[in-house]
Amino acid sequence: MKRIILSLSVIAAVAIGAVGATRAYFSDTETSTGNTFSAGKLDLVLGAGNPIPFSVANLYPGQSGTGKVTLTNATGSLNGDLDVKIANMVQSEGGPLTDPEIKAGDYDNGGDLDLSFVIAAYLDVNRNGVFDAGDYQLAYGGQKAIYPGFWGGDFHYTSVSNMLTGWNDIMTMTADQSVDLVVMWQLPTAWTYPAYNQNIIQTDTLGFDVLTSLEQVGGSGGVTE
Amino acid sequence: MKRILLSLSVIAAVAIGAVGATRAYFSDTETSTGNTFTAGTLDITLGTATYTTDVTNMKPGDVKTLTLNVNNVGSLPLNYTVSTALSGAIMSVDEDLATSGLQNPNAPVVSAVRVDGVATTTEALSAVGGTDASDAGEVDITFPAGAGNGYQGLSGNLGVTFDAVQQ
């Protein structure tokens, strides 16, 4: 008997619920609008270089120079990790072999300037034109180190072909921050390869691209060519 | 066993996370292209050498002048030095002196070297196309008046070398 009563009460409750569901209850709906989600922006801008891109002609041993280009996390709302890579190195003999090149034993092997021409690079974070506190040295093989770098504030120049690895996640650039990428070059008189006469580099050309990339902090790093 | 499975599942999750980290991040890349360096040329040529007068019939006391133009055909300015060397049978007539290593006082000598009329052995040339890309070199050979009959019919060679280096 008790079970029967319980069953009836359940039925009654369900019946009441069913009736309630069909009746016109007052209701009101409000919507919170204007909740927007917008993606941030990472926009790396290369400023006017001086004199990057380099265009140096009529080089001869003993010459040297410095160039810089300003990198800006422009109108960005996000911080970004900076990557830099020197890539696409090309060489050529720069035309027919000259008489001194031939006398030095040169032949058309696609250019020899990389045997002698050397560079060094750093990131001038405070943009004061010198390698000092807070700056990052960019050395061969993708190595990077904050000042004083690997050699007590000094630089070891090396060939462009030794600088093609790329430097990943050098530093985090905050929104609207600018830094200068400084590339120094030398064509030394001290000939690295004494078996050859340095005349073999006459008229030769060497070119490269400088790739810079800003990637959202936490990204995988590395410049995508 | 349960712990091992749990560990594996954590590793799997991390691995998936690592894969995910390489994808779909914001990035921007800018490239500075066309950075070129070109070496210049340092190259000289010599014009045809000419003597002011006949040198096939010299006699003691004669002074003969060789004129030789040097031209910079390279793109770099340069400095050069002129050096001379005499050789041949006429330079070793006195065998006693020659074997002793001494210069025969009556052998022909280079008595003067001039560039554009000025006595010097060093000079500069501007790059090809410049205002001073060519010089006229002059070398005087003096046949001493004291030379005797032993020199008759003998000949010698004059070598003139221009060594150019970048400035």
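Some observations on this one:
- Of the listed requirements (1) surrounded by 13 or more Cβ atoms within 10 Å (Cβ to Cβ); (2) at pLDDT below 95; (3) closer than 23 Å to B:Asn157 by Cα, B:Pro77 misses just one: (3).
- Residue list for the range A:55-71, filter: within 10 Å of chain B (Cβ to nearest Cβ) and under 22 Å from A:Asn128 (Cβ atoms): A:Gly65, A:Gly67, A:Val69, A:Leu71
- Search result, residues across the range A:146-181 that are touching a residue at least 24 places away in the same chain (Cβ under 8 Å), over 16 Å from A:Arg127 (Cα atoms) and of a type outside the set (A, V, I, L, M): A:Gly149, A:Phe155, A:His156, A:Tyr157, A:Thr158, A:Ser159, A:Ser161, A:Thr165, A:Gly166, A:Trp167, A:Asn168, A:Asp169
- For the range A:156-187, filtered to residues that are farther than 26 Å from A:Asn79 by Cα and out of contact with any helix residue (DSSP H, G or I) (no Cβ under 7 Å at 6 or more places or on another chain), the residue that is farthest from the other protein chains (Cβ to nearest Cβ) is A:His156.
- Members of the range A:126-147 found to be out of contact with any helix residue (DSSP H, G or I) (no Cβ under 9 Å at 6 or more places or on another chain), open to solvent by less than 60 Å² (accessible area, probe 1.4 Å) and either assigned to a loop (DSSP other than H, G, I, E, B) or under 19 Å from A:Gly67 (Cβ atoms) (or both), listed by number: A:Gly129, A:Phe131, A:Asp132, A:Gly134, A:Asp135, A:Tyr136, A:Gln137
- Residue check, B:Ala107 open to solvent by less than 50 Å² (accessible area, probe 1.4 Å), aliphatic (A, V, I, L, M) and modelled with pLDDT of 90 or more: no
- Within the range A:93-111, tally of residues that are facing another protein chain (nearest Cβ under 9 Å) and assigned to a loop (DSSP other than H, G, I, E, B): 2
- Number of positions in the range A:70-96 that are open to solvent by less than 30 Å² (accessible area, probe 1.4 Å) and over 14 Å from A:Leu214 (Cβ atoms): 3
- Residue among B:Ala13, B:Ala49, B:Ala89 that is at pLDDT below 90 and either exposed (fewer than 11 other Cβ atoms within 10 Å of the Cβ) or among the aromatic types (Phe, Trp, Tyr) (or both): B:Ala13
- Tally of residues being among the hydroxyl-bearing types (Ser, Thr, Tyr) and touching a strand residue (DSSP E or B) at 6+ places or on another chain (Cβ under 6 Å) across the range B:122-151: 3
- For the range B:152-167, taking the residues that are open to solvent by 80 Å² or more (accessible area, probe 1.4 Å) and in contact with a strand residue (DSSP E or B) (Cβ under 9 Å, 6 or more places away or on another chain), the one that is farthest from B:Lys59 (Cα to Cα) is identified as B:Gln167.
- Residues within the range B:117-165 that are in contact with a Pro (Cβ under 8 Å, 6 or more places away or on another chain), aliphatic (A, V, I, L, M) and closer than 26 Å to B:Thr41 by Cα, tallied: 3
- Filtered residue count, the range B:35-69, keeping only those that are closer than 17 Å to B:Asp132 by Cβ, assigned to a strand (DSSP E or B) and within 14 Å of another protein chain (Cβ to nearest Cβ): 3
The values are calculated or read from the model by the stated rules, or taken from the named source; none is laboratory data. In this text the structure is predicted, and so the values were computed from the model without any measurement. Please note: Cβ atoms are built from the backbone with ideal geometry, for glycine as well, and neighbour counts cover all protein chains shown. With ligands, DNA and RNA removed, areas are computed over all heavy atoms of the protein, side chains included. Shrake-Rupley method; radii C 1.70, N 1.55, O 1.52, S 1.80 Å.
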